[in-house]
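J.: Got a structure for you, written out below as structure tokens; questions coming shortly.
The values are calculated or read from the model by the stated rules, or taken from the named source; none is laboratory data. Quantities reported herein were computed from a predicted structural model and do not represent experimental measurements. Virtual Cβ from ideal backbone geometry, glycine too; neighbours counted across all protein chains shown. Heavy atoms of the whole protein, side chains included, go into the accessibility calculation; ligands, DNA and RNA do not. Shrake-Rupley method; radii C 1.70, N 1.55, O 1.52, S 1.80 Å.
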Amino acid sequence: MDEQEHGPLAGFTVGVTAARRADELIALLRRRGAAVVHGPALRIVPLADDTELLSATKELIGHAPDVVVATTAIGFRGWVEAADGWGCGEELLAVLRNVELLARGPKVKGAVRAAGLTETWSPSSESMAEVLDRLLAEGVTGRRIALQLHGEPLPGFVEALTEGGAEVVGVPVYRWMPPEDLGPLDRLLDAVLARSLDAVTFTSAPAAASLLSRAGERGVRAELVAALRHDVLAVCVGPVTALPLQAEGVGTYQPERFRLGPLVQVLCTELPARARVLPVAGHRVEVRGHAVLVDGALRPVPPAGMALLALLARRPGWVVSRADLLRALPGAGRDEHAVETAMARLRTALGTPKLIQTVVKRGYRLALDPAAEEKYDG
């Protein structure tokens, strides 16, 4: 079986912290062969009955702004629907028809048009920086700018407008809250700490902040940061999403285009590149998170077997003692017989018993091909 058949992420386990559009991201990952652990780090609470949004809406109806910036499709739709529910939907639309309406990207433009409105302008890049550049180029002194907020921090955006002399009115359409059921998030957190995830994906800054916060509540924040710094890849949809992690010194990966598809593509590139590839007993062995590719064929391996193989692969060709292997086995106790049992299962899972040699009275070793190694020396 080659990579095309089993997918570039086969043998890897990826954590998903998203609440919104999680199903879409999970489907993309599974289609490429990944196993997925889903632990939503937050939930989105619509503000249809929220006094904050109601008062912001009434203020804008009573005192129309010069500019309205619509930042997300879901948020813009939610705002119009909430206003309808309060009986002031038509009044809000009347205001929006007579202002400079900026829509951040095609999806937001679609939501604006679905409401019977026409945007004044929309950037092709979907970049808030481009929206800011346009506003500042037009001049914002003395202008009243309504900004539809969407739970994400917008670093420097409001500050730059205020410094330019604008009055900025925030329209908070929904807010992020911790999940009602913390069980799935705790399981994802435990999996990061155990290094049983190869990567964790983040599609919003509040999700990254929420995972760090939950780790703090459980007294394991330092351990989480250590795992994300050294062992578990943190992949973010964009630079704003990465900010809470980068503040903790966690290096992050992100796509050039801030989309789910390109985010998955980053994983498809980075994870296989980190896998250990070794020439063993005439075979090409690639050690992944929860599986091994032997000559391109995918061989799922139980956790105990992966723990043994990871230790053997750290010093390929060297003998590793039963005592050292026992220490690597999760929850094995002190009985070295557990090593023999796990080793027998590992050999069966690999389908090629000769990959691992038993060295009598000493332990086990990966049967590394020295000749194959020499090809890379010169």
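J.: Ignoring ligands, DNA and RNA, what accessible area per residue does the chain give at 1.4 Å, in Å²? Spell out each step's value before the answer.
T.: Details: 17730 Å² over 378 residues.
The answer is 47 Å² per residue.
J.: Another one. With both partners inside the chain, how many of the DSSP beta bridges are antiparallel, as a percent to the nearest 5?
T.: Values: 23 of 50 bridges.
Just about 45 percent of them are antiparallel.
J.: Within the set of other residues whose C-beta is less than 11 Å from the C-beta of VAL277, count the net charge using Lys and Arg as +1 and Asp and Glu as -1.
T.: Taking every Cβ under 11 Å from that of VAL277, the sum is +3.
J.: Take the alpha carbon gyration tensor of region 42-81, find the square roots of its eigenvalues, order them as a ≥ b ≥ c, and report rounded if a/c is under 1.5; if not, report prolate when a/b exceeds b/c, else oblate.
T.: Oblate, since a/c reaches 1.5 and b/c is not below a/b.
J.: Given 20 °C and 1.002 mPa s, how large is the Stokes-Einstein diffusion coefficient of region 127-244 in µm²/s, with Rh as the Kirkwood radius over Cα pairs?
T.: On the way: Rh = 16.4 Å.
For these conditions, the coefficient is 130 µm²/s.
J.: In nm, to one decimal, how far is the modelled label at VAL45 from the one at GLU248, with both set 7 Å along Cα→Cβ?
T.: Output for this residue pair reads 2.3 nm.
J.: Apply the a/c threshold of 1.5 to the C-alpha gyration tensor of region 231-378 and tell me whether it is rounded, prolate or oblate. Walk me through the intermediate numbers first.
T.: Working: a/c = 2.42, a/b = 1.73, b/c = 1.40.
It is prolate, given that a/c is not under 1.5 and a/b is the larger ratio.
J.: Taking R0 as 41 Å, what FRET efficiency do you get between GLU159 and ALA27 from their Cβ-Cβ distance, rounded to the nearest 0.05?
T.: 0.60
J.: Modelling each spin label as a point 7 Å along the Cα-to-Cβ direction, I'd like the ALA281/ALA64 distance in nm, to one decimal.
T.: 7.9 nm
J.: What is the angle, in °, between the Cα long axis of helix 221-230 and the longest principal axis of the Cα atoms in the chain? Nearest 10 is fine, range 0 to 90.
T.: 70 degrees
J.: Quick one: pull the percent of accessible area on the chain belonging to carbon and sulfur, 1.4 Å probe, ligands and nucleic acids left out.
T.: 51 percent
J.: Now for a separate question. What translational D, rounded to a whole number of µm²/s, comes out for the chain from Stokes-Einstein when the hydrodynamic radius is the Kirkwood one over Cα pairs, at 25 °C and 0.890 mPa s?
T.: Taking Rh from Cα pairs, D becomes 103 µm²/s.
J.: Compute from the Cα atoms of region 72-146 the Rg and the Dmax, the latter being the longest Cα-Cα distance, and quote both in angstrom.
T.: 12.9, 37
J.: Over 19 Å, how big is the tail of the calculated P(r) for region 243-295, in percent of all Cα pairs?
T.: Percent of Cα pairs beyond 19 Å in region 243-295: 50.
J.: Using the scaling law 2.2 N^0.38 Å as the reference, what is the normalised Cα Rg of region 203-317? Don't skip to the end; give the middle numbers.
T.: Values: Rg = 16.9 Å, N = 115, 2.2 N^0.38 = 13.4 Å.
That ratio works out to 1.27.
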